[in-house]
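Structure first, commentary second.
The values are calculated or read from the model by the stated rules, or taken from the named source; none is laboratory data. Please read these numbers as outputs of a predicted model, since none were measured by experiment. Don't worry about glycine lacking a Cβ; one is built from the backbone with ideal geometry, like all the others, and counts go over all protein chains shown. Quick note on the areas: whole protein, heavy atoms, side chains included, nothing else; ligands and nucleic acids left out. Shrake-Rupley method; radii C 1.70, N 1.55, O 1.52, S 1.80 Å.
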Amino acid sequence: MAEKKPEELKLLTMEEIQEEKVEWLLYPFIPYGKVTIIQGDPGEGKTTVVLQIIAKLTKGEAILSETSEGKSEETGVEPINVIYQTAEDGLGDTIKPRLLAAGADCSRVLVIDDQDQPLTMVDARLEEAIIQTKARLVVLDPIQGFLGAGVDMHRANEIRPLMKRISVLAEKYQCAIILIGHMNKNSNGKSSYRGLGSIDFQAAARSVLIVGRVKDEPEIRVICHVKSSLAPEGDAIAFRLDKEKGFHW
């Protein structure tokens, strides 16, 4: 058996590296070209808030009516295509009704049909779909549903290649990738370590958001920025899930 030749050493100086400006889907929470994780306990509104964001993006509307400084967000941006994959909720009885209620242009929300072969984070169909649709946002909900059979989410050596692959896709096509995750039950630990599985999920993401409810006001949920590698951490954002009035910031 022929001996494998060692890889040729290639060195770069930082002088050769071209500086790049980060573009934002929603500053400072969701960058383009990077991976963002949105996590929280089941039933806290993670999927609901992401579908609200998707609805605005498909119509070219501002995600938030006002920024934390009280100024209106930029409006009149181009509507974008979104790839949304769910491993938990029904498309016809749950996801589409929520999108319609949020005012989404459903023709711009695309789903990879994976009934015959479950989609994974390293599946070639994911890249093909991004190319074909020119999607600027990809959502996998939840992370655990797209690891693939046999992958132990607690083992760093198995999670790192998956996160590397998804990060490369985001950068290559300058799309934002959101991974939605559930939290574990360790209420005493640091929030970064409450995501299910290896800490390498959070380590590879450039932004991590946690969704939780206000203890004495269960209809009010808060999005907290717990990791931000590309900008200062954003102020917490609140939204209300009301049985009669539905969702509003």
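Applying the criterion of being surrounded by 10 or more Cβ atoms within 10 Å (Cβ to Cβ) and among the charged types (D, E, K, R) to the residues of segment 1-50, the residue that is nearest to Met163 (Cα to Cα) is Lys34. As a summary of the residue check, Ala55 satisfies the conditions (1) of a type outside the set (Ser, Thr, Tyr); (2) within 21 Å of Cys224 (Cβ to Cβ); (3) surrounded by 16 or more Cβ atoms within 10 Å (Cβ to Cβ) except for the one numbered (2). Of all residues in segment 96-141, those satisfying the criterion of being more than 27 Å from Met183 (Cβ to Cβ), of a type outside the set (Gly, Ala, Ser) and not in a helix (DSSP H, G or I) are Asp105, Leu110, Asp113, Gln115, Asp116, Gln117, Lys134, Arg136. Scan (1) open to solvent by less than 40 Å² (accessible area, probe 1.4 Å); (2) farther than 23 Å from Met163 by Cα; (3) of a type in the set (Asp, Glu) for the single condition Asp216 breaks and write down its number. Condition not satisfied by Asp216: (1). Annotation note: Cβ proximity below 9 Å between a residue of segment 9-23 that is under 16 Å from Ala231 (Cβ atoms) and a residue that is part of a loop (DSSP other than H, G, I, E, B) and among the hydroxyl-bearing types (Ser, Thr, Tyr) (sequence gap 6+ or interchain) occurs for Val22/Tyr32; Glu23/Tyr32. Of all residue pairs spaced 6 or more apart or on separate chains, those with beta-carbon atoms under 6 Å, a first member in segment 220-236 that is closer than 11 Å to Arg206 by Cα and a second member that is open to solvent by 20 Å² or more (accessible area, probe 1.4 Å) and in a strand (DSSP E or B) are Val226/Ile210.
Residues checked against (1) without any contact (Cβ under 8 Å) to a residue 60 or more places away in the chain; (2) open to solvent by 10 Å² or more (accessible area, probe 1.4 Å):
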{"site": "Arg136", "(1), (2)": "no, yes"}
{"site": "Asp141", "(1), (2)": "no, no"}
{"site": "Arg155", "(1), (2)": "yes, yes"}
{"site": "Met163", "(1), (2)": "no, no"}
{"site": "Ile166", "(1), (2)": "no, no"}
{"site": "Ala176", "(1), (2)": "no, no"}
{"site": "Leu179", "(1), (2)": "no, no"}
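Contact map, segment 39-59: residues that are under 17 Å from Gln85 (Cβ atoms) paired with residues that are among the charged types (D, E, K, R), Cβ distance under 6 Å, separation 6+ or inter-chain. Pairs shown: Thr47/Asp141; Leu51/Arg98; Thr58/Asp105; Thr58/Arg108.
In segment 143-153, what residues are assigned to a helix (DSSP H, G or I) and open to solvent by 40 Å² or more (accessible area, probe 1.4 Å)?
So in segment 143-153, the residues assigned to a helix (DSSP H, G or I) come out as 143-146.
Answer for segment 143-153, where residues must be assigned to a helix (DSSP H, G or I) and open to solvent by 40 Å² or more (accessible area, probe 1.4 Å): just Gln144.
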